[in-house]
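Okay, so here's the structure we're looking at.
The values are calculated or read from the model by the stated rules, or taken from the named source; none is laboratory data. Fair warning: this is a prediction, and the values are worked out from it, not measured in the lab. Cβ: placed from backbone, ideal geometry, glycine included. Neighbour counts: every protein chain shown.
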Amino acid sequence: MKKILIIGCKGQVGASLMKLANSYNFEAIGFDHPHIDITNLDILNEQCSHLEIDLLINAAAYTAVDKAEEDEKAAYAVNDLGTKNLGLFCKAKNIPCFHISTDYVFDGTQGNYKEADPTNPVSIYGQSKLAGEASLKETWAQNVILRSCWIYSEYGNNFLKTMIRLAQTKDELGIVADQYGGPTSATDVAKALLDLTEKHFESVDVFGLYHFSGTPYCNWYEFAMTIFEEAFNVGLIEKIPTVNKLTTEQYPTPARRPANSCLDIVKIKSIIPEIDNDWKDEVKRIIKVLKEEQS
Ligand SMILES: NC(=O)c1ccc[n+]([C@@H]2O[C@H](COP(=O)([O-])OP(=O)(O)OC[C@H]3O[C@@H](n4cnc5c(N)ncnc54)[C@H](OP(=O)(O)O)[C@@H]3O)[C@@H](O)[C@H]2O)c1
């Protein structure tokens, strides 16, 4: 059985990887804060160099997009230096390093972004993630970088869970309706990474950059309305709040966000044609899980 080291195993994608690895017949070994700190190569080596592993997946990152604007040093430490350290660690062990990046490497003026399209991040978070991509590529050739978008899950904090909480406490809210992307379930991100891992172990050359997101593309308002309808249907919320459509200008945030960061997923589909990425199915599944947890 192949052994995979999962860094950031308590995050949304990390927890999904830990849950699913077994169904791919992989043994997953997970590490996260505070037992490991990817910004410190010595700690990484101390904790993990003795492990007999075949591949590493990095799901750890500094993901607080707005906070990063005033915490640039910390964002770069984790997203750039941390990613480089994992590349160095994998190089020393001669194992592949699979990593996750973001649609926020783009400015959002184009949409339908392909892997070769020019990047232009408009936030510190996006810049630090792009720096991490470059550092990993420079450090270790055996890498996969999977850029994804608007990740949500049953774990941690995310847009879906925020919407449920707001619907349980407010009668009226405003949601941005002029930013477009692809909501992506952390489970589907984990499956995409494990599918690529499986291909790698079948000797397919999978190294390189991929775009992966849920479809159909939508705006935050449409995403929120789907969440409210599903949550209302299963009784997770008692009523659907009145939702006003907002423009980005009407909802200022510390970090700028791309207006249209939809990712073209043709490349990954050419390798994994049956890849799961229907975000509405996943909203249904996750809302059922949350409902069961509540009762
Ligand atoms: N969330 C999104 O909408 C989104 C969209 C596109 C791409 N992505 C990318 O997808 C990946 C996974 O995102 P996610 O939403 O699953 O992240 P997440 O839920 O925020 O989890 C990240 C995990 O990394 C850990 N971590 C942070 N700094 C660390 C360090 N120095 N050493 C070790 N572990 C550390 C965190 O621990 P603590 O919580 O204790 O700090 C947390 O458990 C990231 O690369 C992210 O950039 C996310």
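Could you please find all residues in the range 219-232 being within 18 Å of the chain's Cα centre (by Cα) and buried (at least 22 other Cβ atoms within 10 Å of the Cβ)?
Of the range 219-232, the ones within 18 Å of the chain's Cα centre (by Cα) are 219-220, 223.
Answer for the range 219-232, where residues must be within 18 Å of the chain's Cα centre (by Cα) and buried (at least 22 other Cβ atoms within 10 Å of the Cβ): Trp220, Phe223.
So Thr242 clears everything in (1) exposed (fewer than 15 other Cβ atoms within 10 Å of the Cβ); (2) free of Cβ contacts under 8 Å to residues at least 60 places away in the same chain except one condition, right? Which one?
Failed condition: (2).
So, in the range 76-99, how many residues would count as being touching a Cys at 6+ places or on another chain (Cβ under 6 Å) and either basic (Lys, Arg) or farther than 12 Å from Gly132 by Cα (or both)?
2
I need every pair where a residue in the range 148-165 that is under 15 Å from Glu222 (Cα atoms) has its Cβ under 9 Å from the Cβ of a residue that is among the charged types (D, E, K, R) and near the ligand (Cβ under 8 Å from one of its atoms), sequence separation at least 6 or different chains.
Hits for this filter: Trp150/Asp103.
Go through Ala231, Ala186 for me and flag whichever is in contact with a strand residue (DSSP E or B) (Cβ under 6 Å, 6 or more places away or on another chain) and not hydroxyl-bearing (Ser, Thr, Tyr).
Ala186
Just to check your reading of the model, which residue among Ile265, Ile271, Ile286 is within 21 Å of Leu173 (Cβ to Cβ) and among the hydrophobic types (A, V, I, L, M, F, W, C)?
Numbers: Ile265 fails: within 21 Å of Leu173 (Cβ to Cβ); Ile271 fails: within 21 Å of Leu173 (Cβ to Cβ).
Of Ile265, Ile271, Ile286, the one residue that is within 21 Å of Leu173 (Cβ to Cβ) and among the hydrophobic types (A, V, I, L, M, F, W, C) is Ile286.
Among the listed residues Ile57, Ile95, identify the single one that is crowded, with 17+ Cβ neighbours inside 10 Å, at pLDDT 95 or above and touching a helix residue (DSSP H, G or I) at 6+ places or on another chain (Cβ under 8 Å).
The match here is Ile57.
Consider Ser153 carefully, then state whether it is within 15 Å of the ligand (Cβ to nearest atom) and either of a type in the set (Ser, Thr, Tyr) or under 20 Å from the mean Cα position of the chain (by Cα) (or both).
yes
Quick check on my filter: what residues within the range 117-150 are of a type in the set (Val, Ile, Thr), surrounded by 21 or more Cβ atoms within 10 Å (Cβ to Cβ) and over 13 Å from the mean Cα position of the chain (by Cα)?
Within the range 117-150, the subset of a type in the set (Val, Ile, Thr) is 119, 122, 124, 139, 144-145.
Now restrict to residues that are surrounded by 21 or more Cβ atoms within 10 Å (Cβ to Cβ): 124, 144-145.
Answer for the range 117-150, where residues must be of a type in the set (Val, Ile, Thr), surrounded by 21 or more Cβ atoms within 10 Å (Cβ to Cβ) and over 13 Å from the mean Cα position of the chain (by Cα): Ile124, Val144.
Would you list the strands (runs of 3 or more DSSP E) that sit entirely within the range 1-108 and hold 3 or more residues that are within 13 Å of the ligand (Cβ to nearest atom) and within 18 Å of Val189 (Cα to Cα)?
2-7, 55-58, 97-102
Report yes if some residue within the range 245-266 is surrounded by fewer than 17 Cβ atoms within 10 Å (Cβ to Cβ) and in contact with a Leu (Cβ under 9 Å, 6 or more places away or on another chain); otherwise report no.
No, the range 245-266 contains no residue that is surrounded by fewer than 17 Cβ atoms within 10 Å (Cβ to Cβ) and in contact with a Leu (Cβ under 9 Å, 6 or more places away or on another chain).
Can you tell me which residues in the range 72-81 are of a type in the set (Asp, Glu) and either surrounded by 16 or more Cβ atoms within 10 Å (Cβ to Cβ) or without any contact (Cβ under 8 Å) to a residue 40 or more places away in the chain (or both)?
Matches in the range 72-81: Asp80 only.
If we scan the range 39-50, do we find a residue that is without any contact (Cβ under 8 Å) to a residue 40 or more places away in the chain and in contact with a His (Cβ under 8 Å, 6 or more places away or on another chain)? Give the derivation first.
If we filter the range 39-50 for residues that are without any contact (Cβ under 8 Å) to a residue 40 or more places away in the chain, which is where we start, we get 42-43, 46-47, 50.
Next, only the ones that are in contact with a His (Cβ under 8 Å, 6 or more places away or on another chain) stay: 47.
Yes - at least one qualifying residue is present in the range 39-50.
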